[in-house]
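Here the structure comes first, spelled out in structure tokens, and everything after it is commentary.
Rule-based calculations on the coordinates, nothing more; no lab input. Just so you know, these numbers come straight off a predicted model, no measurement behind them. Glycine gets a Cβ as well: all are built from the backbone with ideal geometry, and neighbour counts include every protein chain shown.
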Amino acid sequence: MKLLDGIRVLDLTNVLSGPFATLHLSLAGAEVIKVENPTDGDLARKLGSVPRFNQMLMGTSFLAQNANKKSITLNLKAPEGKEIFKRLAKTADVVVENFRPDVMTRLGLSYEVLSEDNPLLIYCAISGFGQTGPDALKPAYDQIIQGLSGEMAINGDERLNPLRAGFPVCDTVGGLNAAFAIMGALYYRERTGEGQFVDIALLDSIMPLMGWVAANLMIGGQQPVLMGNDNFTAAPSGTFRTKDGYLNIAANKQEQWESVADVLGVPELKADPRFQERDTRKKNRKELTPLLEARLTQKETDYWVEALNKNDVPSGAILSLEAALSQDQVKHRSTFGSVHVEGIGDLRLFSLTAKFSKTPGSVETPPPTLGQHTNDVLKGIGYTDDEIRKFKESKII
């Protein structure tokens, strides 16, 4: 049995935030049906680093987020398309969309309309700013939200700021928030027999991730300090040079700091009044770092990682993305699943990273081609071959 066996999700989402949410549902065993426009589908089908895949409408960005899903095409602007969707929604447990707040209302397919026929329906709307408020109807992309959330303002150092995160962090965490909310709504429905509307904003979703920094400002009155690769909670805690590169050290406890001094062969620093006590050490980190790097640069990263970890000081190399994706721990955890995609080959795609002992999730089917499951899904809700043929002729599907 899968965690979400028997749950049907209609996925009207595009690009990243929505597809990332429904990916988690599909990996957990839900039947996720992507409802795409008949012309070219999800925009992510054209996004990626391999032009040939983009031309196939199977771009790498799409491949990354859509394993285990089905795809149907449907023109939601046509009256026939609306009726097909309404019939499909009667059979669904969840609808997920990431349009601007007014789009589904203008189409006549809002939660209010769909829930009349299916009061058990959970409807999750993902947008940049939420469904209400002065900014609700503004367009939003990940980088816009990174800037408006304050996330870019706290990155980097005095030489490079503001600085965006190296991946679409707001879209991604918005998708995680949506998946979490949908699971909660399913649990509530199980207890009460009631569906509900779920409003997810990317701006809301990213802000709690800055909890410690925000709390220092809102509660402690301390403005964020640009610290680059240093950790503001402790010292020495951050990135340090070695003989052949860099490593991260996180000596957050007093005994860990003392172990760092011993392992590096500078025990006298423990008695130095600039470094003895935690808060004093943080204030004097600019004096401390070069003293430590004078020792660290005498040997390679791997040597220091092993020596420090052996003495209970958390440390680690700074890997390239390629090396990170292929490290032994990632393989052991089965972070990736393998699946064959016709015309592309065998791919490694992210699997469900939550490890359930009784209901594990995994990559089982490849991301779908555009409209691959249209006929089967429509037949499943009662349409005949002749009706489906007419829908194709009139470009409804």
Relative contact order [Cα under 8 Å, 6+ residues apart], the chain, whole percent: 19
Gained length - Ala323 relative to Arg106, 0.36 nm times residue gap less alpha-carbon distance: 73.4 nm
P(r) of the chain over all Cα-Cα pairs, binned every 10 Å from zero, in whole percent: 4, 19, 25, 22, 15, 9, 4, 1, 0
Span-like helix ranges in the chain, DSSP H, alpha carbon extent 18 angstrom or more, Kyte mean at least -1.0: 169-192
The chain: most fluctuating residue of Gly48, Gly128, Gly18 per GNM, C-alpha cutoff 10 Å: Gly48
Order by protection proxy (mean Cβ within 10 Å, highest first), peptides 220-227, 2-9: 2-9, 220-227
Separation in nanometres of the label points that stand 7 Å from Cα toward Cβ, at Phe356 and Glu293: 4.8
Assigned charges on the beta-carbon of Lys, Arg, Asp, Glu; segment 246-317 dipole about Cα centre (debye): 320
Filter on Lys138/Lys355; Lys138/Lys392; Lys69/Lys90; Lys46/Lys77 - keep pairs with C-alpha separation over 30 Å: Lys138/Lys355; Lys138/Lys392
Residue (of Thr73, Thr39, Met104) at the positive-pole extreme of segment 15-116, dipole from beta-carbon charges: Thr39
Residue among Ala178, Leu23, Leu347 farthest towards the positive dipole end of the chain, charges placed on Cβ: Leu347
Most mobile listed residue (Lys82, Lys70, Lys310) in the chain, GNM with C-alpha springs under 10 Å: Lys310
Value of [θ]222 nm, deg cm²/dmol, for the chain, DSSP H segments ≥ 4, -39500 (n - 2.57) each, nearest 500: -10500 deg cm²/dmol
FRET E, pair Gln276, Gln143, Förster distance 56 Å, beta-carbon r, rounded to 0.05: 0.80
Karplus 3J(HN,Hα) series, Hz, for segment 200-209 with 6.51 cos²θ - 1.76 cosθ + 1.60 (x for Gly, Pro): 10, 10, 4, 4, 4, 5, 7, 4, x, 5
Anchor Lys283: lysines whose Cα lies under 20 Å away (excluding residues fewer than 8 positions away in-chain): Lys253, Lys270
Alpha-carbon Rg/Rh ratio, for segment 1-53, with Rh computed the Kirkwood way: 1.05
